Each structure stands twice: as structure tokens, then as C-alpha cells.
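This report refers to the structure that appears directly beneath it.
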Amino acid sequence: MALSRSARRSSRWLALATAVASAATIAAAPAATPGAPGIGDPYFPGLGNGGYRPLHYDLGVSYHPDSGRLDGRATLTARATQDLSAFDLDLQKLTVDRVLVDGHRAGFSRAGDELVIRPGRTLARGQRFAVTVVYHGVPQPLSGPIVFGSKYGWMKTKDGVFVACEPNAASTWFPSSDHPDEKATYDIRIDAPKGLTGVSNGRLVGTGEHGGRAWFHWRESRPMAPYLATATIGKFDVRTGTTPGGTPIYVATDPTLPAGKVDVYGVTAAATDYWSKVFGPYPFEETGAIVDDMPQAGFSLEVQSKPAYSAVRNETTIVHELAHQWFGDSVSVRQWKDIWLNEGFATYAQWLWAEHKGTATAHDSFRKAYQGIPADDPFWKIKVSDPQRDTMFAGAVYERGAMTLQALRERIGDKAFFKLLPTWTAQHRYGNADTADFIRLAEKVSGRRLGDLFHTWLDTRTRPALPGK
Ligand SMILES: [Zn+2]
């Protein structure tokens, strides 16, 4: 995610199947129990769910811009990880009309942002099952301090909707296990009035019209965290092709935007190809961009395979969001406190891009940023390795995170550093990782002890000394 303005300052819960077998009972089967309502992320205790692992979402989203109403049908295929008597999905507001488990009506109730589902019969551990939720309503964006004070999530535009959900707004438009550690593949079908285009993740596998409506079927066949899903709808000019490096590209641009400031298509193609050399093979089937006119959203987001730009469209933002395809989208955080693994790396990518273009070395960008922030500035008080929920997108997570990487590069040298980055993206491709994993790998690749460096840059609440030389 990138702020539209300069961003400078800005255990799993053990789902215990409590097998209370009485001493007198021989070979008693463990009792089926409800899955946990969250996966235990301290920033968002209710997000994600226990007792199953998501495998695939099939989402049908029918949108009516005049009323703002969404009619949805979501089928999640999942695998039970315990004997389940009940389980949850995350769903914020909206109205549930019915729930089916493997085609049979299931009971359900609401408890805050949890949709509690009681299948007609117990789901056995290891069993694959499909839960379908039919629902409707007018999705509301979230607001609050988390995302730079901006609204985020499902946001109405003048011709449709702009959908960008980091960190916790996926569950405002589809029932999900709404945590990055709960990745799945997706089919997303968008249905909207004729004349509008529905843009989503992965590749467009079908489109057509019926009556006064148009439909668009997208397929993301690589694992995706729910917050990276989109169903952005509006009037768009679409340009498709292939990057010089061979990756399919799809760029949707709101035609009412003034043309010409930045060549989004060209920069997207060039950055996708360049990052593929620096960070490792591009992890998804298609690259691209959604360039919408949504100035009320104060940010852009690294939507998987197609970053969504709300207002600002400059080269720096584009290379930042594309770097996230590796750092954030393919390699995702295990818990939200690891967010610097996304934002520090994407900010560092901006410095690498300047180095690539010959405008500034990362060495100089680092010192310029560092020297621009006095030692007594509150910027240095944020603990980057655990920035706390409401300041998880603080400027320090971005810039001090990037400084950490430059300090690392200066310690271990270019050879080890540029081996480390693609090794990291290969080792955790389509998975989740945390800060300790990164430190371990950096030590392994460089053959050096680096605990002091990471502790100084990520864990302390003071301005570290500049690296020597
Ligand atoms: Zn970002």
C-alpha cells in the first residue's frame, strides 16, 4: 500500500479438539467441537478462523450502482483440520439469506463480525467440504486510524466501485477467512450494468452479456490473501498485451482521467520485467493496473496481479505496488505485525528503481531520508518489528524498514544481498513468513551474524547510528 501523499512521516489458536474421553469409555471418538473464531493475530483477534483451511473461493458478485446493492453468492471449498461441529466465516454487516454445506441447508447465526455455521452433520478432520453463502446488502467502507485515516474497502465511485481492502475489509464484501495466513485460489464473477467493466485478479477467462447486464469471470489460480482480492467496477478503457519479458498485462484506466502524466502501461511492463530480474520470476499469471478516479481514497493498493491506483499515478507508486507482488502478495506476512516485510521492501524497491534509472543510489536515498528526520522526531519511536495495529502503516514501517535493508546491504555486500532477495521470494513463494525467517535466511546467505543489526533497526525506539563509512 502507498499513501497518495509522500509517505515519509507519516499460534494460530490451538483448535483443541477437546477429547474428554471418560475413563470408562474404550476407544471413545473425540468430540467434534467448533472451530476458533480467529487465528490469533494480536492486531485482529477475530480475523481468520480455526478448524479448517481455505482452498478455493468461487465468488459471484452482482452489483447495482444506483442502489449500491450487492447480491452475492460465495462458495468456499475448505479442508477441516479438526472434527468440526461448527465453524466461522468473517463477514462484516450484509445480510445472509441462506447457507449450504455440501449442498445441504446449514444453520447459521451472527456474532459481531463472525458468521457461525452449523452444518447438519459433523465434518471430520481431513474432510474436504464446500460452504455456500447467499447474501446481499450495501457494503460499507471501513474507516478509522489504520489506513492513513482514509476510508478503505468497498468504495463507491461516480461510475461503480473501487475495492481495496488492506488490511481487514475483504469481509465487508464477501464471507471469508479474512487473514493473509488463509490463502486460497479464486474464481471471481462480476455482474454489472452493460457499459461497465468488472476488473479482478488473475486472468479474464470469460465475459458476456445477458439482458442489460455484462459479466466478467476472472480466475486467480495462484494462492491469494483475501485482502488482495478486488471486484472493481466502472467505465474503463482496457489495454492488454505482453511485456517485453513475456508476462501478459492488463491495464484498465478510467477514461475521465486526464491523460499523459505517466505511462502506466509502459511503467508497469518495465517494472514487472525489471523486478523479475532482481527479485526472481514474476509470481503471477498476469500483471497490470487498475487506474480509477477515486480521490477520496488516500492510497493505492497492491491488489494481486493488478495494483489499484485511486488517485495518484506516478512512477514511484507504480514500482512500489509492483514490488509488493513479490513482497506482500506472493510472500505474505504471517501476522500483521510483520508488515515491514511488505512496506519496508516496497519502499526499498523505490530506491532500487532510482538506482536503476540512474537518478540516485540507494546509499544516497538512505542517507537523505535518514538525515531529513531529526533524532528527536516521533518517527524514530515506532518499533518497526511490532508497530501496533493503529500505526501499522506509519511512515517508519516504510522508511525505517527500507533503511534496515540498506544497512543490511552495506553490511553483507551487494553479492550476498542480491542473492538474498530472490532466495527469499523463492523459499516462501505463495506462502507466509515472518521477520525471524528473514533474519535466519539473511544470516545463512551471508554467512554472518546479523542479530545486532536487525535488533538495532527493527526493535529499538531510537535513531540508530548511520552505518560506518
Ligand atoms: Zn506499500
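Is it true that residue 125 is of a type in the set (D, E, K, R) and in a strand (DSSP E or B)?
No; evaluated as a whole, the condition is false for this residue.
Checking residue 205 against (1) surrounded by 20 or more Cβ atoms within 10 Å (Cβ to Cβ); (2) hydrophobic (A, V, I, L, M, F, W, C); (3) within 25 Å of residue 223 (Cα to Cα), which single condition isn't satisfied?
Failing condition for residue 205: (1).
Out of region 196-252, which residues are within 15 Å of the chain's Cα centre (by Cα) and within 17 Å of residue 301 (Cβ to Cβ)?
Of everything in region 196-252, those that are within 15 Å of the chain's Cα centre (by Cα) and within 17 Å of residue 301 (Cβ to Cβ) turn out to be 200, 201, 202, 220, 224, 225, 226, 227, 228, 229, 230, 231.
If you go through region 204-219, how many residues are part of a loop (DSSP other than H, G, I, E, B) and among the hydrophobic types (A, V, I, L, M, F, W, C)?
Count: 0.
Among the candidates 172, 230, 132, single out the residue that is at pLDDT 95 or above, surrounded by fewer than 23 Cβ atoms within 10 Å (Cβ to Cβ) and among the β-branched types (Val, Ile, Thr).
Result of the check over 172, 230, 132: 132.
Can you name the condition, by its number, that residue 383 falls short on among (1) closer than 21 Å to residue 2 by Cα; (2) buried (at least 20 other Cβ atoms within 10 Å of the Cβ)?
(2)
So, in region 90-117, how many residues would count as being within 26 Å of residue 165 (Cα to Cα) and either among the charged types (D, E, K, R) or part of a loop (DSSP other than H, G, I, E, B) (or both)?
11
Which of the helices (runs of 4 or more DSSP H) found entirely inside region 263-357 contain at least 2 residues meeting this: within 13 Å of the ligand (Cβ to nearest atom) and in contact with a Gly (Cβ under 9 Å, 6 or more places away or on another chain)?
340-357
Tally up the residues in region 42-75 that are closer than 13 Å to residue 178 by Cβ and either in contact with a Leu (Cβ under 7 Å, 6 or more places away or on another chain) or of a type in the set (D, E, K, R) (or both), please.
4
Would it be correct to say that residue 417 is more than 24 Å from the chain's Cα centre (by Cα), crowded, with 16+ Cβ neighbours inside 10 Å and closer than 26 Å to residue 179 by Cβ?
No: the conditions fail for residue 417.
Hey, can you tell me all the residues within region 142-162 that are closer than 20 Å to residue 336 by Cα and under 18 Å from the mean Cα position of the chain (by Cα)?
Listed by number, the residues that qualify are 142, 143, 146, 147, 148, 150, 151, 152, 153.
The values are calculated or read from the model by the stated rules, or taken from the named source; none is laboratory data. Remember, predicted model here, so these are calculated numbers, not experimental data. Neighbour counts are summed over all protein chains in view; Cβ atoms, including those assigned to glycine, are modelled from backbone coordinates with ideal geometry.
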